[in-house]
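A quick write-up on the structure given underneath.
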Amino acid sequence: MSTATTTPTSNVTKRLSAIGKARELGILLALVLVVIAATAANPNFLFSADGWRDLLLTPSILVLVAVGQAIVLITRNVDLSVGSVLGLTAYLTGRLFIDFPGIPIIAVFVIAVAFGGLLGMINGALVAFAKVPAMVITLGTLYAYRGINVLWTGGDRVNASDLPKDFLALGTEQFLMIPILTIIALVVLVIAGWYMKNTRGGREFYAIGSDPAAAELYGLRVTRRLLNAFVLSGALAGLGGVLYAARYGTINSQAGSGWELDAVGAAVIGGVAIVGGVGSVWGAAIGAVLLLTINRALPILGIPDFWQRAVVGVLIIGAIVLDRVLAVRQKRKLIEARDDS
């Protein structure tokens, strides 16, 4: 009897896993095709020191934000405030260096990540305890956090000359031809990927996103997990804010504007279902790389700026349609398997 109940579950898991891998492979192939096409049009796109560096460096910060967004989306929620969190923490980073000269760089990282996590915790608490839809809550905090940032900065801004050279070097230096920011993003991605696949907490995110009511009945700590998901998203946006300051040097009240849509778009393009329960942080990361690589490649391919956002929109719609087709196909197969048993 035990075998009879275990086998179907195992098969479903394997099938879902296979679909996920297929989605990620498809996005990866699309990324390779974009790079090949852009390189064929202009070899400097890849075969130059700046081209190679930009290919890796440009999407690094968005990868971090998209990984956090993917975790929230997998729980059937969304975090629209990540761009504002990134902007606030970027400005906080600059102010720490200005107001506390000589402060260790590692201390700035810790403070900014903790601050981002705190902002994420506010989102999570409102969603988990007040039972208000995440889209409403995070849309509100998107504007609230941005308003705080505007009030805080006023007409001021942080310039590169205000930041330590060692800190700014993080945004430009490389190790074995790989930008430091990319290495940081990869380390975070590997840890997040391992956590989501191998730990009880990661698996519970998927269970909650697949069926919140069933997860509650099963005794999962839904409130705690939701809180954790938003804290992780906020903390990764906070880390993105620090790296944004190191990468660009100049920080004003509009830093990070629009990043929330790019993060959601990257996750959805990478195969994370907007209805939760399906996808991976690996897919979201590849989606982020594809999104920003397309933005760099389209002008080289002679496509006007006007059409760049349209192409991104078509990608997102295509990903959602594909997700729906796969879901319907999976449901039909499960029904057929049930009828045959």
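Computed from the coordinates by the stated procedures, all read-outs in this text should not be read as laboratory data. Since this is a predicted model, take the numbers as computed values, not measurements. Using ideal geometry, Cβ is built from the backbone for each residue, glycine included, and neighbour counts are taken over all protein chains shown.
Annotations
- Simple Cβ-charge dipole of the chain, Lys/Arg +1 and Asp/Glu -1, about Cα centre, in debye nearest 20: 920
- In the chain, helices alone account for a calculated mean residue ellipticity at 222 nm of -26500 deg cm²/dmol, with every DSSP H run of four or more residues adding -39,500 (n - 2.57).
- Segment 140-202: translational diffusion in µm²/s, Stokes-Einstein, Kirkwood Rh over Cα pairs, 10 °C, 1.306 mPa s: 104
- Computed magnitude of the charge dipole of segment 191-320 (debye, nearest 20; Cβ of K, R +1, Cβ of D, E -1): 340
- Comparing Phe230, Gly240, Ala144 along the charge dipole axis of segment 44-328, the residue lying farthest to the positive side is Phe230, per the Cβ-charge model.
- Site pair Trp307 and Val110 shows an inter-label distance of 5.2 nm when each label is modelled 7 Å from Cα along Cα→Cβ.
- Dimensions in Å of the chain - Rg and Dmax from alpha carbons: 20.8, 71
- Candidates Leu86, Leu261, Leu62: whichever shows maximal mean-square fluctuation once the chain is modelled as a Gaussian network with Cα springs under 10 Å: Leu261
- Each principal axis of segment 174-313 carries a Cα extent, and these read 54, 33, 33 Å when sorted largest first.
- Of Ile105, Val281, Thr293, farthest towards positive along the dipole that unit charges on Lys, Arg, Asp, Glu beta carbons give the chain: Val281
- Estimated Rh, segment 235-318: Kirkwood, alpha-carbon pairs, angstrom: 14.1
- Packing-based order for 136-143, 25-32, 118-125, using average beta carbon neighbours within 10 Å, highest first: 118-125, 136-143, 25-32
- Unit charges at the beta carbon, dipole of segment 240-332: most positive-side option, Ile316, Ile303, Leu261: Ile316
- Across all directions, the shadow cast by the convex hull of segment 62-161 built on its C-alpha atoms averages 7.0 square nanometres.
- Under 20 Å from the Cα of Lys333 - aspartates and glutamates, other chains or at least 8 residues apart: Asp211, Asp323
- The mean sequence separation of alpha-carbon pairs under 8 Å and at least six residues apart, normalised by the residue count of the chain, gives a relative contact order of 33 percent.
- Packing-based ranking, highest mean first, of 182-190, 218-226, 89-97 given that Cβ atoms within 10 Å are counted: 89-97, 182-190, 218-226
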